[in-house]
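The values are calculated or read from the model by the stated rules, or taken from the named source; none is laboratory data. None of these values were measured; they are calculated from a predicted model. Neighbour counts are summed over all protein chains in view; Cβ atoms, including those assigned to glycine, are modelled from backbone coordinates with ideal geometry. Please note that ligands, DNA and RNA were not included when accessible areas were found on the heavy atoms of the full protein model with its side chains. Shrake-Rupley method; radii C 1.70, N 1.55, O 1.52, S 1.80 Å.
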Amino acid sequence: MIEIRHLSKTFLSPEGETKALRDVSLSIQTGDIFGIIGMSGAGKSTLVRCINRLEKPSEGQVLMDGVDLARLSQEELRKKRREITMIFQGFNLLMQRSCLKNVCFPLELTGESSAAARQRSLELLDLVGLADKAQSFPAQLSGGQQQRVAIARALATEPKVLLCDEATSALDPLTTHSILSLIRDINEKLGITVIIITHQMSVVESICRHVAILDQGRVAEQGDVSEIFARPASAAARRLVFPEGEAESSVIATDDRHFIRVVFHGAKATATPLIAQMALEKGIMANIAYASTRSLADKMFGSMLLSFPEQDQARRAMAYMTQIPDVIAEEVNRHV
Amino acid sequence: MFKNIFNAEMAAEAWDVIISQFPLAFWETLYVTLLASLFAFLLGLPLGVLLAVGGKKGILPLPAWLMKLLNGVVNLLRSVPFLILMIMVIPLTRLLIGTSVGTFASIVPLVIAAFPFVARLAESSFREVDPNTLEMAQSMGASPMQIIAKVLIPESIPSLISNGTIAVTTILGYSAMSGIIGGGGLGKIAINYGYYRYRYLVMLCAVLLLILLVQLFQSLGTRLAARADKRLKR
Ligand SMILES: Nc1ncnc2c1ncn2[C@@H]1O[C@H](COP(=O)(O)OP(=O)(O)O)[C@@H](O)[C@H]1O
Ligand SMILES: [Mg+2]
């Protein structure tokens, strides 16, 4: 388990100080896939760099299975870092080494014999599906393949934790998907705790079990991904879940009807039949004030704002929606 | 001044000189250049590493005073014109090899002049390595020495070869100059025959040979650098 306690980091520069992290506390369970999401500049990279102590926190602690990383000597810290490996947005492969030699790199650092390192690296390249590229050089591979090599390299020292800092941000959606599947496989097969740093909600949505939302160096919200998708409580979370949310609040503010918000998180339905069905079965006529939904496979995600002239209708609509699986409905007060 | 270059008498005399003196001079130039380059690299490369990694935010932060000293020495040596440096290091040359004249002795001023240059070139090669790559190595638990040996140097090999070629060709040029203080080689012949005895044809031939050598080193270096660089798709 990784426990982050009251972590703060302030950068001092000639232009003044930047509070990159402010009192961040998180606990990440062993074996979890934990997302840390936030806008650019929110402090995500600083947070991961504090986890493996590439950056020294200004205040607070990071505990790995109860061990405070700050108490380790330089040598012990280097050993610890083999247990917390990292993949990056830019892959950061050694361009003058073959793929095989890249995967061997962390093993060379530990002084492992070259035959054993080579054997293990070949197995790992096989695991990431690149056994045939062992002798190729990184420049000869596509971005997705390079990230696979980086993943194989990160696994070489049998880490307990894999940190992924914007690991798919430089990749196209299809490649992103395949890399995320690979990471999920690794998490399941090897039981490695995965921490995913991203600015894309879609990444969190497709792979993470828990998520923390980082906003201007603070944890705005954390919890189950499905919970936060369904009921984003903080403004930062709403901005990420419903990027068009600004429009929503302006709709409510200028209207004196009654609103309910219906959130779909994987409901097996398409939106219109649901509204039509409600009208047919219960005789409740809803007006769609605002909707931001999308379907993935045959599932619905997103939210919809329904308005009703009477409060009673709104209540009944809520009751109706609530009994549908994977749909959450809540009353919306004005001026939220 | 070049009026008489091509008369038959001059040509015959030049040919004599070329036959009798050029092979030795060529050899002298070659070995002085290569030996001086070797020593300049031996001193300059480690210094270049220190300059590249020793900064406050570098991978092996060194005391600020030491960095100031190293930078100061390099800048100082780089700003003394070679002609003057050759004279200034005469006592050191005597101390090191017993004499200050002769072909072999000219290696000392060459090394003194070239190693700070090599250090700066190497420093710039090392600085080309992506800082993210260095951070990757740190995140994998590499020690500063491991980063230098396994990342910094191997990743900058193509650039080091390119810059090394620049250094060798510059040292070749300097070695020609050292004819003035008694160093041997093609430079000495060019100066002796061309400047003191007005045998321009001999001088021209010596210069031609120097140009050929520079071309040779340069194309060799360019080819080696390209071959070493695995970033190029093939
Ligand atoms: N080494 C540094 N020195 C000064 N400021 C920094 C440094 N690293 C990050 N910052 C600042 O800290 C803030 C958070 O940066 P970062 O953690 O990289 O954000 P993110 O990864 O979420 O985009 C930014 O305002 C950034 O400018
Ligand atoms: Mg970042």
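Tabulated data for the structure shown
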read-out: Strands (runs of 3 or more DSSP E) wholly inside segment A:1-114 that include at least 2 residues being aliphatic (A, V, I, L, M) and away from ligand 2 (no atom under 16 Å from the Cβ); value: A:2-13, A:16-28, A:59-64
read-out: Hits in segment A:1-21 - residues which are in contact (Cβ under 8 Å) with a residue 12 or more places away in the chain and either away from ligand 1 (no atom under 15 Å from the Cβ) or open to solvent by 90 Å² or more (accessible area, probe 1.4 Å) (or both); value: A:1, A:2, A:3, A:5, A:6, A:19
read-out: Yes/no for residue A:86 being touching a His at 6+ places or on another chain (Cβ under 7 Å), within 19 Å of residue A:204 (Cβ to Cβ) and touching a residue at least 60 places away in the same chain (Cβ under 8 Å); value: no
read-out: All positions within segment B:208-234 that are away from chain A (no Cβ under 14 Å) and either open to solvent by 100 Å² or more (accessible area, probe 1.4 Å) or not in a helix (DSSP H, G or I) (or both); value: B:208, B:212, B:215, B:216, B:220, B:223
read-out: Filtered residues of segment B:52-67 (kept if open to solvent by 60 Å² or more (accessible area, probe 1.4 Å) and either in contact with a Lys or Arg (Cβ under 8 Å, 6 or more places away or on another chain) or within 12 Å of residue B:144 (Cα to Cα) (or both)); value: B:61, B:64
read-out: In segment A:117-140, the residues that are crowded, with 19+ Cβ neighbours inside 10 Å and not small (Gly, Ala, Ser); value: A:120, A:124, A:125, A:128, A:130, A:133, A:137, A:138
read-out: Members of segment A:128-186 found to be among the small types (Gly, Ala, Ser) and over 23 Å from residue A:117 (Cα atoms), listed by number; value: A:142, A:143, A:144, A:167, A:169, A:170, A:178, A:181
read-out: Those residues of segment A:153-185 which are small (Gly, Ala, Ser), away from ligand 1 (no atom under 16 Å from the Cβ) and surrounded by 24 or more Cβ atoms within 10 Å (Cβ to Cβ), in sequence order; value: A:154, A:156
read-out: Strands (runs of 3 or more DSSP E) fully within segment A:134-228 counting 3 or more residues that are more than 16 Å from ligand 2 (Cβ to nearest atom) and more than 14 Å from chain B (Cβ to nearest Cβ); value: A:218-224
read-out: Some residue of segment A:94-114 being under 14 Å from residue A:156 (Cα atoms), away from chain B (no Cβ under 12 Å), open to solvent by 60 Å² or more (accessible area, probe 1.4 Å) and not polar (S, T, N, Q); value: yes
read-out: From B:223, B:199, residue being at pLDDT 95 or above, more than 30 Å from residue A:81 (Cβ to Cβ) and among the charged types (D, E, K, R); value: B:223
read-out: Members of segment A:22-53 found to be more than 9 Å from ligand 1 (Cβ to nearest atom), on the phi < 0 side of the Ramachandran plot and within 14 Å of another protein chain (Cβ to nearest Cβ), listed by number; value: A:50, A:51, A:52
read-out: Any hit, segment A:63-76, residues being surrounded by fewer than 23 Cβ atoms within 10 Å (Cβ to Cβ), within 16 Å of ligand 1 (Cβ to nearest atom) and within 12 Å of chain B (Cβ to nearest Cβ); value: no
read-out: Qualifying positions in segment A:169-181 - closer than 21 Å to residue A:84 by Cβ and modelled with pLDDT under 95; value: A:169
read-out: Residues satisfying the stated conditions in segment A:299-327, i.e. at pLDDT below 80 and open to solvent by less than 50 Å² (accessible area, probe 1.4 Å); value: A:300, A:301, A:302, A:303
read-out: Residues being within 7 Å of chain A (Cβ to nearest Cβ) and part of a helix (DSSP H, G or I) - total across segment B:128-152; value: 9
